[in-house]
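Engineer: Structure in structure tokens, see below.
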Amino acid sequence: MGRYFQPEIESASRQEILDIQNQKIVKQVRHVYDNVPYYRNLMDEKGVKPEDIQSVDDIKKLPFLSKADLREAYPYGLLGTDLKNCVRIQSTSGTTGKRVVAFYTQNDVDLWEDCVARAIVAAGGDKGDVCQVCYGYGLFTGGAGLHGGSHKVGCLTLPMSSGNTDRQIQFMMDLNATILCCTPSYAAYIGETLAEKGYKPEDNKLKAGIFGAEPWTEEMRHNIEKSLGIKAFDIYGLTEISGPGVAFECEEQSGMHINEDHFYAEIIDPDTGEVLPDGSEGELVFTALDKEAFPLLRYRTRDICVLSREKCSCGRTLVKMCKPRGRSDDMMIIRGVNVFPSQIETVLLNEGYTPNYQIIVDRKNNSDTLDINVELTPDKFSDIISENVKKERKLESAMRTMLGIGPKVHLVPPKTIVRSEGKAVRVIDKRKLHD
């Protein structure tokens, strides 16, 4: 049995959690209907009134919200309270179009930090720990979320932000950091840099890492655990729903517990919008049950995953979501075949390469092309062209087996692919520029 930050919730009975959710949803739908004209119009169009929602079973009657709605309502259209009650905004990294701006009251910030604190304690953290936060600070939710959660737990918090790896390593070693919080690609990079500087995994005091904000595979987890000598935990969140801490991994490392007292999760068929039973793979949809400033109902995350209610050895009763298996909007269709970046990452790690890669999709003579640039570590880099060509052919063949289509693989020298400090730009789809 693990330790909990808020045991009365984390190990509550199913009925207790359901009672909390039912009570909150009735109140939240009324709050949104009265205060958010944008969503009230969607409800009116659908012929749904607040009194039609008596429990979470009725959530399926409500209209969905999507990224497109957030863009249309930007900046204040989905605000659920007077602006003078808001104390902060956070914003997405905005790779397409307008950014998403999310608002927070002080109560929203407190509840968000509670959720992150649960994640830190689930990873073995307590007030004796030194928590090094190397997610970006500023508009990005990573830095702010983990920072606030670390304070709640009572850890000594190192607000490093991202980048400046030499300084990260100096503080990590001098201040005996025990918990590292950053993107998985940056954790892998810190591991590589420590090794280059001659450190062994046992030379640092780290015991756990809390990594999120971009997709990563089991192979990458084992890689990071080995290079840093830690246990690596996944954390999930999205700016629209608050930030990291919507769900978190426990010591079982077999999926992430959703903080169900604050977020109600559904799995839907991405094409029809129909709600699917637990255990089905589909698109994850979240309803924020008690957010005041930015209270999104039935927000479509585009993440494809599965929910499971199997009993967890950690004693938490909160439903688990698996690691997202791709996105309904980030899946690439190349020559008619569905391709997810995570599949490419799995092949690279199985073949002994680091997961620093970039996928370039283009269209030449009406046919799709798929090029994958793979960065070599100094020990794998060779000046002998024929050796590199042999390695490229071998990778191409492994990729063909996994994907069902043949890419062109290009091995590139160490440190030539830009390292991510927020989210890694893994895919450049040039077809969109031509279309």
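Engineer: In whole angstrom, how far apart do the alpha carbon centroids of the stretch 120-168 and the stretch 316-344 sit?
Structural biologist: One Cα centre to the other: 28 Å.
Engineer: Between 375, 281, 387, find the one with the highest GNM mean-square fluctuation for the chain; connect C-alpha pairs within less than 10 Å.
Structural biologist: 387
Engineer: Between the stretch 248-269 and the stretch 352-394, how many Å separate their Cα centres?
Structural biologist: One Cα centre to the other: 36 Å.
Engineer: How charged is the neighbourhood of residue 223? Take every other residue with its Cβ under 11 Å from the Cβ of residue 223, and add Lys/Arg as +1 and Asp/Glu as -1.
Structural biologist: Here the charged neighbours net out to -3.
Engineer: Sticking with this one: Could you calculate the FRET efficiency of residue 3 with residue 107 from 1/(1 + (r/R0)^6), where r is the beta carbon distance between them and R0 is 25 Å, rounded to 0.05?
Structural biologist: Result of the calculation: an efficiency of 0.45.
Engineer: How high is the relative contact order of the stretch 332-434, in percent, counting Cα pairs under 8 Å that sit 6 or more residues apart?
Structural biologist: Relative contact order for the stretch 332-434 comes out at 34 percent.
Engineer: Let me ask something else about it. Hey, rough spin-label estimate for residue 369 and residue 427, points 7 angstrom out along Cα→Cβ, what's it come to in nanometres?
Structural biologist: 1.9 nm
Engineer: Using a 4.7 Å Cβ cut-off, which Cys residues in the chain lack a partner cysteine?
Structural biologist: Within the chain, the cysteines lacking a partner Cβ under 4.7 Å are 86, 115, 181, 305, 312, 322.
Engineer: Mind giving me the nanometre distance, one decimal, between the label points for residue 16 and residue 313, set 7 Å out from Cα along Cα→Cβ?
Structural biologist: Here the modelled spin labels are 2.4 nm apart.
Engineer: Let me know the shape class of the stretch 242-341, please: from the alpha-carbon gyration tensor, a ≥ b ≥ c as square roots of the eigenvalues, rounded when a/c is under 1.5, otherwise prolate if a/b is greater than b/c, or oblate.
Structural biologist: Here the stretch 242-341 falls in the oblate category.
Engineer: OK, next. What is the dipole size for the stretch 13-161, taken about its Cα centre, with +1 at each Lys and Arg Cβ and -1 at each Asp and Glu Cβ, in debye to the nearest 20?
Structural biologist: Using only the charged Cβ atoms, the result is roughly 340 debye.
Engineer: So for the stretch 332-434, taking the charge dipole from beta-carbon charges (+1 Lys/Arg, -1 Asp/Glu), which of 381, 332, 342 sits furthest toward the positive end?
Structural biologist: 332
Engineer: Counting each DSSP H run of 4 or more residues in the chain as -39500 (n - 2.57), what helix-only mean residue ellipticity at 222 nm follows after dividing by all residues, to the nearest 500 deg cm²/dmol?
Structural biologist: Taken over the chain, the calculation gives -10000 deg cm²/dmol.
Engineer: Could you give me the percent of Cα pairs per 10 Å distance bin for the chain, shortest bin first, beginning at zero and ending with the bin that holds the maximum distance?
Structural biologist: For the chain, the binned pair fractions read 4, 21, 30, 26, 15, 4, 1, 0 percent.
Engineer: What per residue convex hull volume, in Å³, comes out for the stretch 63-188 when only alpha-carbon positions are used?
Structural biologist: Values: hull volume 16.7 nm³, N = 126.
Each residue corresponds to 133 Å³ of Cα convex hull volume.
Engineer: Continuing with this model, one more query. Of the trypsin sites (Lys or Arg not before Pro) in the stretch 65-168, which ones lie in a loop per DSSP and count no more than 12 other C-beta atoms within 10 Å?
Structural biologist: Working: sites: 67, 71, 84, 88, 98, 99, 118, 127, 152, 167; in loops: 98, 99, 127.
Within the stretch 65-168, the qualifying trypsin sites (Lys or Arg not before Pro) (loop, at most 12 other Cβ atoms within 10 Å) are 127.
Engineer: Which residues' amide hydrogens lie under 5 Å from the amide hydrogen of residue 327, considering only partners 5 or more residues apart or on another chain, with H built in the peptide plane?
Structural biologist: Answer set, sorted by chain and number: 304.
Engineer: Just to be sure I understand the model, the point goes 7 Å from the Cα along the line to the Cβ. What's the resulting residue 325 to residue 252 distance in nm?
Structural biologist: Each label point lies 7 Å from its Cα, and together they span 1.9 nm.
Engineer: Work out from phi, with θ = phi - 60° and the Karplus expression 6.51 cos²θ - 1.76 cosθ + 1.60, the ³J(HN,Hα) of each residue of the stretch 35-48, listed in order in whole Hz, and give x for Gly and Pro.
Structural biologist: Calculated HN-Hα couplings, in order: 10, 10, x, 4, 6, 4, 4, 4, 5, 4, 4, 8, x, 10 Hz.
Laboratory data are not the source of any read-out in this text; all were calculated from the coordinates shown. Small disclaimer: the values here were computed from a predicted structure and weren't measured. Ideal geometry is used to build each Cβ from the backbone, glycine not excepted, and the neighbour counts take in all protein chains shown.
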